[in-house]
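The values are calculated or read from the model by the stated rules, or taken from the named source; none is laboratory data. Being a predicted model, the structure only gives us computed values, none of them experimental. A quick note on method: Cβ atoms are made from the backbone with ideal geometry, for glycine too, and the neighbour counts reach across all protein chains shown.
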Amino acid sequence: MATPGELAALLNITQELDGLKTSVAATNASVDAFFLCTMAIVIYFMQCGFAFLEAGAVRSKHTTNILIKNILDSFIGCIAYYIFGWALAFGEPGNAFCGNSFWAMAQLSDSKLPLWFFQFVFAATSATIVSGALAERCDFIAYVVYSFLLTGFVYPIVSHWAWNPIGWLAVGLTAQNGTLVSHYKDFAGSGVVHITGGTAALVAAALLGPRINRFDPETGESRAIPGHSVPLVSLGGFVLFFGFLAFNGGSQLHIQQANDGAVVANAMVNTVLSGSTGAFTTLLLTRLLRPHWSLLRTINGGLAGMVAICAGCNVLYPWGACVMGFFAAGSYMAWSELVLAMRIDD
């Protein structure tokens, strides 16, 4: 039978172990928060990439206009996501369509702040996609309203569908016998972020109409309107390529659990492979179809590969990422020709 001294020592050890567990848990939470915030900062820097790319791709007299739109996406979008966005995306208890609490971050716990920041920069990225499609012709006030609505309402609701456990896409379809028929998986936002922004861009470009002299009024043939700065386009492309590594790798959302590092590394490697394959394939296809090489198309092909790989970058094999980039380049080339045939000026 244990003596009182031995029992006291055992109790002391138990208390120390409990304290150690609490300390380890707190440290792990801090590591995850630091990881998520660091990735979010890099993703936020993609706003600079979009700004450089779009500023270089337009005529010099429209540079200020395109830059102010990118700035608005960040600042007005932040206000919109603060007031409405998080509540609609992750408000509790919510329903299959949207959330309904934490308006203006009321009663939001500190532990959720890293994820709030991460989701905001995703929302800002989705909104910024549209600015390039509307270059040189969108009314300033109209763009302010659009940026507020997409960041504060449209993107949050779509992200709720896919990334909130009770969203209708996340829940999936179940047969009468209880078997799961389909389950939507989008690791880093191919659909949630990029299709949302791309769809808004396509509709807006179609409604606004083309720039003056973009198409021949008699034959309907497209006329090139070259940008004014190749260095800006190149710099913007490289910033975006860099940002996509954090965009996809950071979507793991944590780093201290078993196998987290491998998942993050796999996502980043697949992102580079898909983007590289997409850029190289686009370069070759452009040269085969046209009598010249195209820097802008090559950059866009690389971005198309990185966008396409977002959904499955955490699970695909490297060869699968290369295949994804190849088909993404073909899809990008086909859609580029299709929108021109429809006289849509993207």
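Here are the numbers for this structure:
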quantity: So residue 249, is it crowded, with 16+ Cβ neighbours inside 10 Å, assigned to a helix (DSSP H, G or I) and touching a helix residue (DSSP H, G or I) at 6+ places or on another chain (Cβ under 7 Å); calculated: yes
quantity: Some residue of segment 220-240 being at positive phi and touching a Phe, Trp or Tyr at 6+ places or on another chain (Cβ under 8 Å); calculated: no
quantity: Residue within segment 60-79 that is closer than 30 Å to residue 256 by Cα and hydrophobic (A, V, I, L, M, F, W, C) present; calculated: yes
quantity: When residues of segment 295-340 are limited to those that are free of Cβ contacts under 8 Å to residues at least 12 places away in the same chain and closer than 13 Å to residue 282 by Cβ, the one nearest to the chain's Cα centre (by Cα); calculated: 335
quantity: Residue count for segment 260-285, restricted to those that are buried (at least 21 other Cβ atoms within 10 Å of the Cβ) and either more than 18 Å from residue 238 (Cβ to Cβ) or modelled with pLDDT under 95 (or both); calculated: 5
quantity: Candidate set from segment 69-88 (those that are at pLDDT 95 or above and in contact with a Ser or Thr (Cβ under 7 Å, 6 or more places away or on another chain)); member that is farthest from residue 108 (Cα to Cα); calculated: 80
quantity: Candidate set: segment 140-179, residues that are of a type in the set (Ser, Thr, Tyr) and surrounded by fewer than 22 Cβ atoms within 10 Å (Cβ to Cβ); chosen: the one modelled with the lowest pLDDT; calculated: 179
quantity: Where residue 242 falls short, out of the listed (1) surrounded by fewer than 16 Cβ atoms within 10 Å (Cβ to Cβ); (2) more than 16 Å from the chain's Cα centre (by Cα); calculated: (2)
quantity: Residues of segment 219-230 classified as part of a helix (DSSP H, G or I) and not β-branched (Val, Ile, Thr), total; calculated: 0
quantity: Cross-chain or 6+ apart pairs with Cβ under 6 Å, segment 189-207 first and over 23 Å from residue 119 (Cα atoms) and surrounded by 18 or more Cβ atoms within 10 Å (Cβ to Cβ), then modelled with pLDDT of 95 or more and not small (Gly, Ala, Ser); calculated: none
quantity: Residue that is farthest from the chain's Cα centre (by Cα), among those in segment 94-139 that are in a helix (DSSP H, G or I), of a type in the set (Ser, Thr, Tyr) and modelled with pLDDT of 90 or more; calculated: 111
quantity: Selection within segment 46-70 - out of contact with any helix residue (DSSP H, G or I) (no Cβ under 6 Å at 6 or more places or on another chain) and in contact (Cβ under 8 Å) with a residue 24 or more places away in the chain; calculated: 59, 60, 62, 65, 68
quantity: Helices (runs of 4 or more DSSP H) completely within segment 1-92 that count 2 or more residues being surrounded by fewer than 16 Cβ atoms within 10 Å (Cβ to Cβ); calculated: 4-44, 63-80
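So that you can scan it fast, the table gives a plain yes or no per residue for (1) assigned to a helix (DSSP H, G or I); (2) not basic (Lys, Arg):
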site: 207; (1), (2): yes, yes
site: 217; (1), (2): no, yes
site: 269; (1), (2): yes, yes
site: 272; (1), (2): yes, yes
site: 280; (1), (2): yes, yes
site: 287; (1), (2): yes, no
site: 302; (1), (2): yes, yes
site: 305; (1), (2): yes, yes
site: 310; (1), (2): yes, yes
